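Below is one structure, written out as structure tokens; the observations come after it.
The values are calculated or read from the model by the stated rules, or taken from the named source; none is laboratory data. None of the values given here were measured: they were computed from a predicted structure. Glycine gets a Cβ as well: all are built from the backbone with ideal geometry, and neighbour counts include every protein chain shown.
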Amino acid sequence: MTERGRAERRLGWWLSAPALVAMALVTVYPIAYAFWLSLFRHDLRFPEQRGFVGWANYASVLSSPVWWQALTNTLLITAASVAVELVLGFAMALLMHRATVGRRTVRASILVPYAIITVVAALAWKFAFDPTTGFVNALLGLQQSWLTERWSAFLVIIATEIWKTTPFMALLLLAGLTLIPEDLQRAARVDGASAWQRLRRITLPLMKPTIAVAVLFRTLDAVRIFDTVYVQTRGGQNTETLSLVAYDTLIVRLNLGLGSAVAALIFVVVALIAWGFLRSFGVSLEESR
Amino acid sequence: MTGRTSARRLGMLGESAAMLAVVAYALAPLAWIVSLSLKRPGDLNDGRFLPQAVTLENYRAVFNDVQFPAALWNSIGIASMATVVSVVPAAFAAYAIVRLSFPGRRLLLAGALAIAMFPPAAIVGPLFNLWRALGLFDTWLGLVLPYVSLTLPLAIWTLSAYFRTIPRDLDQAARVDGATPFQTLRYVIAPLAAPGLFTAAILVFIFAWNDFLFATALTSTRAARTVPVAIAFFTGSSQFELPTGAIAAASVVVTLPVIVLVVLCQRHIVSGLTAGAVKG
């Protein structure tokens, strides 16, 4: 290796070291620490009972209906919101891609949901559906108490999530659309392909890598859902999600051992989802990078 | 011929209607919260979207409150610190990824990807415990640190996508003139990358400004409690009455500046948000 190559190598390490250390310090270390804590009985309210318990915390989490219910709720919210966002986001992306006038206005306005604090968005929707302060019941002629029943509470939570994050999906898909060569579309049009055929045979296949990345990003983001549920129901009406269970066990009930086991299991769930995605879309992700 | 033009006109009409619908979709909840903040206390339960009469009473109440101005100050301070501390190392790392060949490149990219997918709820507990032991609980630094780590991937992606658009010839010319790689970064790349740095800074700022999970778990008093937590835990003069109007006013105060910023820089933000996923 030349002197210059070695110098470049050294500089590369030096330049990336601060970022690597900062990323590891607040993630790798705490997750390792969480794993360690999860093997102990460690409840801050009963500090004298501390002791090594092995996998017992995992056994009690995995045998508790709370965990499975929260997992189901989380997956339900994730699946429903990501599915709707994909369709809605794709429609918005196509619209912005096609539009000749007003494109900037549309793009600027869909950045608004992205820029709003999630807690504020959750409160806005909560107030809108509230039977006393809201306008939704008056608008629909209903007397529904939305957030006090399970299914209607889910509906409000999912609607809030969709509203807040569809723009992100739309912008990712729009960026993918602009990468499709215009010539292909034009050639297909000359050959007499209808708009629907062009969408199915050209746009969608070429968009596959972008769609995979967008869905993966949003899925992993949706699995972490905390703010909206916390503000709108605080997990009541059986709407608790995984993040809320971890928060309640760790921060509210101060049970570090059990809570750390929940945290480690959430990490496993997320890793499994990411792994599943990368396995089924691995090739296309490689291509798009 | 006339059939064709009228079909086209119909298409244009449909397109405009769809665009209007998208704009309404995006803005309705914002309009609703603004409207709530302007309603008189007696009109809050009238079931209308728009206020019957406009009052600024709620805004006065919010700024006379003890919690809210403190939270606003904490949010501004913590988010700004996190932004500066995150963007600088991210710029170094992004430059190394784009321009230098060294064995750590892949590790850095993989690490950034892993952290972008990381579930924050999994580290909030251990951090809670650690921070109490280290005296970082309920301090600015205690929030700045996790925000920096969690925003680094976003900043690195945004910046490396931006650095890639700067022609390599410029680096080479500087190198030929005898500049070291570090001088090249400092005097040639950094000034050209100013818009990219700015974009990364806004994205990091928005993340820190928006966060609720860490802010609620790692703070307990006015010393470090940020705006999202203050708004979520707002209590009125009596604790049985939810001060909806004041909450709405506080929400508008913290939302409008960010929206103005985002709309002004929309082009950069869009390219920053999509940098990691599509190109890269």
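Checking A:Phe90 against (1) more than 30 Å from A:Leu174 (Cβ to Cβ); (2) more than 12 Å from every other protein chain (Cβ to nearest Cβ): exactly one of these is not met. Which one?
(1) is the only condition that A:Phe90 fails.
Please list, ordered by first then second residue, the pairs with beta carbon atoms under 8 Å, 6 or more apart or interchain, first in the stretch B:26-48 and under 25 Å from A:Ile110 (Cα atoms), second hydroxyl-bearing (Ser, Thr, Tyr) and outside any loop (DSSP other than H, G, I, E, B).
Cβ pairs passing all conditions: B:Ala26/A:Ser109; B:Leu27/A:Ser109; B:Leu30/B:Thr255; B:Ile33/B:Ser251; B:Ile33/B:Thr255; B:Leu36/B:Thr244; B:Ser37/B:Tyr59; B:Ser37/B:Ser251.
Restricting attention to helices (runs of 4 or more DSSP H) lying wholly within the stretch A:127-199, give those where 2 or more residues are of a type in the set (Gly, Ala, Ser) and touching a His at 6+ places or on another chain (Cβ under 8 Å). Talk me through it step by step, then tell me what you get.
On the way: elements: A:136-140, A:150-177, A:182-190, A:195-198.
Here the list is empty.
Restricting the search to the stretch B:80-113, which residues are within 22 Å of B:Trp209 (Cβ to Cβ), surrounded by fewer than 24 Cβ atoms within 10 Å (Cβ to Cβ), more than 7 Å from every other protein chain (Cβ to nearest Cβ) and not polar (S, T, N, Q)?
Applying the first criterion (within 22 Å of B:Trp209 (Cβ to Cβ)) to the stretch B:80-113 yields B:80-91, B:112.
Imposing the further condition that a residue be surrounded by fewer than 24 Cβ atoms within 10 Å (Cβ to Cβ) reduces the set to B:80-81, B:84-85, B:88-89.
From what is left, the residues that are more than 7 Å from every other protein chain (Cβ to nearest Cβ) are B:80-81, B:84-85, B:88.
The answer is B:Met81, B:Val84, B:Val85, B:Val88.
Quick grid of which residues meet (1) in a helix (DSSP H, G or I); (2) out of contact with any His (no Cβ under 9 Å at 6 or more places or on another chain); (3) over 29 Å from B:Ala224 (Cβ atoms):
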position	(1), (2), (3)
B:Ala7	yes, yes, yes
B:Glu15	yes, yes, yes
B:Tyr25	yes, yes, yes
B:Arg48	no, yes, yes
B:Ala70	yes, yes, no
B:Gly77	yes, yes, no
B:Met81	yes, yes, no
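Mind telling me which of the residues A:Leu258, A:Leu244, A:Leu204 ends up being modelled with pLDDT of 85 or more and within 30 Å of A:Ala124 (Cα to Cα)?
A:Leu244
Of a type in the set (S, T, N, Q), assigned by TED's automatic domain parsing to the domain that holds B:Leu264, within 30 Å of B:Pro41 (Cβ to Cβ) and in contact (Cβ under 8 Å) with a residue 24 or more places away in the chain: which single residue out of B:Thr199, B:Thr139, B:Thr158, B:Thr226 fits that description?
Values: B:Thr199 fails: within 30 Å of B:Pro41 (Cβ to Cβ); B:Thr139 fails: within 30 Å of B:Pro41 (Cβ to Cβ); B:Thr158 fails: within 30 Å of B:Pro41 (Cβ to Cβ).
Of the residues listed, the single one that is of a type in the set (S, T, N, Q), assigned by TED's automatic domain parsing to the domain that holds B:Leu264, within 30 Å of B:Pro41 (Cβ to Cβ) and in contact (Cβ under 8 Å) with a residue 24 or more places away in the chain is B:Thr226.
Output yes when any residue across the stretch A:278-289 is among the β-branched types (Val, Ile, Thr), closer than 30 Å to B:Thr216 by Cβ and outside any loop (DSSP other than H, G, I, E, B), and no when none is.
Here is the first cut: in the stretch A:278-289, the residues among the β-branched types (Val, Ile, Thr) are A:283.
Of the ones still in play, those that are also closer than 30 Å to B:Thr216 by Cβ are none.
No: zero hits.
Only one of A:Ala214, A:Ala170 is under 26 Å from B:His268 (Cα atoms), hydrophobic (A, V, I, L, M, F, W, C) and at pLDDT 90 or above; which? Explain how you work it out, then say what you get.
Values: A:Ala214 fails: at pLDDT 90 or above.
None of the other options fit; the residue is A:Ala170.
Just a yes or no: is a residue in the stretch B:59-74 over 21 Å from A:Gly134 (Cβ atoms), touching a residue at least 60 places away in the same chain (Cβ under 8 Å) and of a type in the set (S, T, N, Q)?
Within the stretch B:59-74, one or more residues are over 21 Å from A:Gly134 (Cβ atoms), touching a residue at least 60 places away in the same chain (Cβ under 8 Å) and of a type in the set (S, T, N, Q).
Return a yes/no flag: does the stretch B:25-37 have any residue that is under 30 Å from A:Gly102 (Cα atoms), hydroxyl-bearing (Ser, Thr, Tyr) and touching a Gly at 6+ places or on another chain (Cβ under 9 Å). Quick ask: steps written out before the conclusion?
In the first step, residues of the stretch B:25-37 are kept if they are under 30 Å from A:Gly102 (Cα atoms); the result is B:25-37.
Those left that are additionally hydroxyl-bearing (Ser, Thr, Tyr): B:25, B:35, B:37.
Applying the additional criterion that residues be touching a Gly at 6+ places or on another chain (Cβ under 9 Å) yields B:37.
Yes, that holds for at least one residue.
Conditions tested, residue by residue: (1) more than 11 Å from every other protein chain (Cβ to nearest Cβ); (2) touching a strand residue (DSSP E or B) at 6+ places or on another chain (Cβ under 8 Å); (3) farther than 30 Å from A:Ser145 by Cα; (4) of a type in the set (D, E, K, R).
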site: A:Ile180; (1), (2), (3), (4): yes, no, yes, no
site: A:Leu206; (1), (2), (3), (4): yes, no, yes, no
site: A:Ile211; (1), (2), (3), (4): no, no, yes, no
site: A:Leu220; (1), (2), (3), (4): no, no, yes, no
site: A:Ile225; (1), (2), (3), (4): no, no, no, no
site: A:Gln232; (1), (2), (3), (4): no, no, no, no
site: A:Gly236; (1), (2), (3), (4): yes, no, no, no
site: A:Val270; (1), (2), (3), (4): no, no, yes, no
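Can you pull out the residues in the stretch B:114-123 that are touching a Phe, Trp or Tyr at 6+ places or on another chain (Cβ under 9 Å) and more than 7 Å from every other protein chain (Cβ to nearest Cβ)?
Matches in the stretch B:114-123: B:Ala116 only.
Scan the stretch A:167-187 and report the pairs whose first residue is more than 15 Å from A:Gly89 (Cα to Cα) and whose second residue is outside any helix (DSSP H, G or I), with Cβ atoms within less than 8 Å and a gap of 6+ or a chain change.
Once the first residue is more than 15 Å from A:Gly89 (Cα to Cα) and sits in the stretch A:167-187, its partners that are outside any helix (DSSP H, G or I) give A:Leu179/B:Val278.
Anything in the stretch A:37-63 that is in a helix (DSSP H, G or I) and either free of Cβ contacts under 8 Å to residues at least 24 places away in the same chain or hydroxyl-bearing (Ser, Thr, Tyr) (or both)? List them, or say none. First the steps, then the outcome.
So the first thing to find is which residues in the stretch A:37-63 are in a helix (DSSP H, G or I), and the list is A:37, A:47-49, A:56-62.
Passing the criteria: A:Pro47, A:Glu48, A:Gln49, A:Ala56, A:Tyr58, A:Ala59, A:Ser60.
What about A:Val66, is it more than 16 Å from the chain's Cα centre (by Cα), surrounded by fewer than 19 Cβ atoms within 10 Å (Cβ to Cβ) and not in a helix (DSSP H, G or I)? So that I can check it myself, show each step before the final result.
Details: more than 16 Å from the chain's Cα centre (by Cα): yes; surrounded by fewer than 19 Cβ atoms within 10 Å (Cβ to Cβ): yes; not in a helix (DSSP H, G or I): no.
No: the conditions fail for A:Val66.
With the structure loaded, tell me whether A:Ala124 is closer than 21 Å to B:Leu36 by Cα, among the small types (Gly, Ala, Ser), facing another protein chain (nearest Cβ under 7 Å) and more than 22 Å from the chain's Cα centre (by Cα) or whether it fails that test.
Details: closer than 21 Å to B:Leu36 by Cα: yes; among the small types (Gly, Ala, Ser): yes; facing another protein chain (nearest Cβ under 7 Å): yes; more than 22 Å from the chain's Cα centre (by Cα): no.
Judged against the criteria, A:Ala124 is not a match.
Looking only at the stretch A:1-36, which residues are touching a Pro at 6+ places or on another chain (Cβ under 8 Å) and farther than 30 Å from B:Val85 by Cα?
None - no residue of the stretch A:1-36 is touching a Pro at 6+ places or on another chain (Cβ under 8 Å) and farther than 30 Å from B:Val85 by Cα, so the list stays empty.
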